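A quick write-up on the structure given underneath.
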Amino acid sequence: MRVLALESSCDETACAIVEGCTVLSSVVASQVEVHARFGGVVPELASRHHLDALAPVLRGAVEQAGLRFDELGESLDALAVTDCPGLVGALLVGVQAARGLALATGLPLHGVHHMEGHLFSTLLRRADQGGAEAHELPEHLAVLVSGGHTELVLVRGLGDYTLLGATRDDAAGEAFDKVAKLLGLRYPGGPIIDRLAAEGDPEAVAFPRAMMNKKGNLEFSFAGLKTAVATHIERVGQPDSRQALADVCASFQAAVVDVLVAKACAARRLHDCARIHVVGGVAANRGLRAAFEAAAAREGFTFATAPLAYCGDNAAMIAAAGAARHRRGWLRAVELSSSTSLDDPILAAAAGVGTG
Ligand code: ATP
Ligand code: MG
Ligand code: FE
């Protein structure tokens, strides 16, 4: 099942071609430099940069896969595009380009939910990697941690998603970005805090772990943690050495990681699930990966996450989700829906609608 996908929901313009879950090509044009000086994504700038980046990114992905642009209709089985959730002006760029490609090639076009794409990131592999390829999402508890989401989702298979808990305020990635800003670090803050945390003492500052031991509560809250970091800075001043900065980063990261691991493990036990998958931009965090590995060894569950290259936004994960849907004949037409949750009834209903 060979699928080309476009992704432009936030600040990455991406195109990829996959064969099932094997990545034949993946090109990502990141706009972080554009948005860094504003400390966050500026929607209008994102849309404009998607417009500029889309054609070269598309051409690059087709060339990297060794395909010819004028033969796409014959060399592919389907197209896919992220149509929700995301910045609407940004999504539109990818969606309109994908509609154009569908018209020109006659290929079916699958609308893919961005977070369903993140679920597929754990199955992605490069063409030069050996071994058998997995096409299907196994039953698992998904920990979706990214710039816009922090959710625990019970995944029973493609299109079968039950939201168990989400954040009441900031997403985990958003917390990393906001705390980085408080510390005078650049956007996006996640990777910078990750690096600094490795040099720091996670017990240097006792930051709060919201609702961590509240039995049966699977919700998150990170706004208070952000405020606690701000209060700490007000009280003792900005860190005056690299070590002091690393200590604050390590202590903040430990608070986020502790809560994510504790709640995910509680949800897994509650639903008697044998696997935990961690996906989304924050899944790249080394402290988080290590903590889940340790928990898996301790509690005896299987832990999987995405290869580092596919934690952040990319089109390979969208293409893999599109390929899985195409294999089943589950076509959901592009709809730019304003829904954000993976278990939205509109999307769930579309999961079972065959293409014929
Ligand atoms: P969503 O997927 O919810 O729509 P998004 O697509 O903008 O949001 P992603 O690209 O999946 O988000 O993830 C970006 C987020 O991941 C940013 O907040 C960034 O700081 C965070 N992030 C990236 N690398 C790391 C890391 N190593 N440690 C912690 N956070 C990280
Ligand atoms: Mg991004
Ligand atoms: Fe994302």
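Just so you know, all these numbers are worked out from the coordinates, no wet-lab data involved. For clarity, every value in this text was computed on a predicted model and none was experimentally measured. Positions of Cβ are backbone-derived with ideal geometry, glycine not excepted, and every protein chain shown enters the neighbour counts.
Residue by residue, here is whether (1) more than 15 Å from ligand 1 (Cβ to nearest atom); (2) surrounded by fewer than 19 Cβ atoms within 10 Å (Cβ to Cβ); (3) small (Gly, Ala, Ser); (4) under 20 Å from Ala284 (Cβ atoms) holds:
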{"position": "Tyr187", "(1), (2), (3), (4)": "no, no, no, yes"}
{"position": "Asp201", "(1), (2), (3), (4)": "yes, yes, no, no"}
{"position": "Ala204", "(1), (2), (3), (4)": "yes, yes, yes, no"}
{"position": "Asn213", "(1), (2), (3), (4)": "yes, yes, no, no"}
{"position": "Leu218", "(1), (2), (3), (4)": "yes, yes, no, no"}
{"position": "Phe222", "(1), (2), (3), (4)": "no, no, no, yes"}
{"position": "Ala230", "(1), (2), (3), (4)": "yes, yes, yes, no"}
{"position": "Ala246", "(1), (2), (3), (4)": "no, no, yes, yes"}
{"position": "Val256", "(1), (2), (3), (4)": "no, no, no, yes"}
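Among the residues examined, Ala266 qualifies as surrounded by 15 or more Cβ atoms within 10 Å (Cβ to Cβ), out of contact with any strand residue (DSSP E or B) (no Cβ under 6 Å at 6 or more places or on another chain) and in a helix (DSSP H, G or I). Residues in the range 165-189 that are in a helix (DSSP H, G or I), out of contact with any Asp or Glu (no Cβ under 7 Å at 6 or more places or on another chain) and among the small types (Gly, Ala, Ser): Ala172, Gly173, Ala175, Ala180.
The set of residues from the range 294-308 being free of Cβ contacts under 8 Å to residues at least 12 places away in the same chain and either under 20 Å from Val3 (Cα atoms) or within 16 Å of ligand 2 (Cβ to nearest atom) (or both) is empty. Applying the condition of being polar (S, T, N, Q) and out of contact with any Phe, Trp or Tyr (no Cβ under 9 Å at 6 or more places or on another chain) to the range 1-40 and asking which residue is surrounded by the most Cβ atoms within 10 Å (Cβ to Cβ) yields Ser8. For the subset of the range 111-159 comprising residues that are closer than 22 Å to Leu331 by Cβ and β-branched (Val, Ile, Thr), which member is nearest to ligand 1 (Cβ to nearest atom)? Ranking the qualifying residues of the range 111-159, first place goes to Val112.
Does Ile276 fit the bill of being surrounded by 15 or more Cβ atoms within 10 Å (Cβ to Cβ), hydrophobic (A, V, I, L, M, F, W, C) and either under 20 Å from Val3 (Cα atoms) or within 16 Å of ligand 2 (Cβ to nearest atom) (or both)? No; evaluated as a whole, the condition is false for this residue. Among the residues of the range 99-131, those identified as out of contact with any Phe, Trp or Tyr (no Cβ under 7 Å at 6 or more places or on another chain), small (Gly, Ala, Ser) and over 16 Å from His326 (Cβ atoms) are Gly100, Ala104, Ala127, Gly130, Gly131. Per the conditions (1) surrounded by 20 or more Cβ atoms within 10 Å (Cβ to Cβ); (2) within 16 Å of ligand 1 (Cβ to nearest atom); (3) assigned to a loop (DSSP other than H, G, I, E, B), the sole criterion not satisfied by Val95 is (3). Selection over the range 66-92 of residues that are assigned to a helix (DSSP H, G or I) and either within 30 Å of Gly157 (Cβ to Cβ) or not small (Gly, Ala, Ser) (or both) gives a count of 10.
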